[in-house]
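J.: Starting off with a structure, shown below.
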Amino acid sequence: MDKIAIIASAGSGSRMGTDIPKQFLPLAGKPVLLHTLEAFILAYPAIKIILVLPEGQLAYASRLLQDLPYKEQLLLVPGGDSRFQSVANGLGHVTEENSLVAVHDGVRCLVSPELIRRCFTMAAVR
């Protein structure tokens, strides 16, 4: 069964009060978003990740992610006007039948690979 993660990072982050969108703010030497992506890759090295970002951030994210060893597993998708629409845009790119799909917020970077594995395991038995 294929595992897919939709990482929704299409919010503006206006409450952070910075010029840099919160998913790209540095944390421990790298952007917050990279910590989130790495947790999913550590949980399942072959996972497909659909990364949903605002249209205006896709080019920047593409440059940021181009040297990652798992870049072939990433699909960048433009977000919508709401979280619902952004997740729907991500789901619209799930083409594999018989897949488990997790939806996660891109700035919730402290998620552990263990928690990700437990969630997929529980979803598989439901």
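J.: Sort 77-85, 93-101 by the packing proxy (mean of other Cβ within 10 Å over each peptide's residues), most packed first.
T.: 77-85, 93-101
J.: Using a probe of 1.4 angstrom, how much of the accessible area of the chain is carbon and sulfur, in percent?
T.: 56 percent
J.: Do the sum for the chain: with -39,500 (n - 2.57) for every DSSP H run of n ≥ 4, divided by all residues, what is the mean residue ellipticity at 222 nm, to the nearest 500 deg cm²/dmol?
T.: It lands at -10000 deg cm²/dmol.
J.: If you take all C-alpha pairs in the chain, what percent of them are over 24 Å apart?
T.: When all Cα pairs of the chain are counted, 22 percent exceed 24 Å.
J.: Give, rounded to the nearest 20 debye, the magnitude of the charge dipole that the chain has about its Cα centre when Lys and Arg contribute +1 at Cβ and Asp and Glu contribute -1 at Cβ.
T.: Magnitude of the dipole: close to 320 debye.
J.: Over the chain, what relative contact order in percent results from Cα pairs under 8 Å that are six or more residues apart?
T.: 41 percent
J.: Please give the net charge around Ala46, taking every other residue with its beta carbon less than 11 angstrom from that of Ala46, where Lys and Arg add +1 and Asp and Glu add -1.
T.: Counting the neighbours of Ala46, the net charge comes to 0.
J.: Per residue, how much accessible surface does segment 4-124 expose to a 1.4 Å probe? Answer in Å², no decimals.
T.: That works out to 55 Å² for each residue.
J.: How many angstrom lie between the C-alpha centres of segment 15-33 and segment 70-126?
T.: Here the two parts' Cα centres lie 20 Å apart.
The values are calculated or read from the model by the stated rules, or taken from the named source; none is laboratory data. Since the structure is predicted, the reported quantities are computational estimates derived from the model, not experimental observations. Here Cβ is always computed from backbone atoms with ideal geometry, including for glycine, and neighbour counts include all displayed protein chains. The protein model used for the area step is the full one, side chains on, heavy atoms only, and it has no ligands, DNA or RNA in it. Shrake-Rupley method; radii C 1.70, N 1.55, O 1.52, S 1.80 Å.
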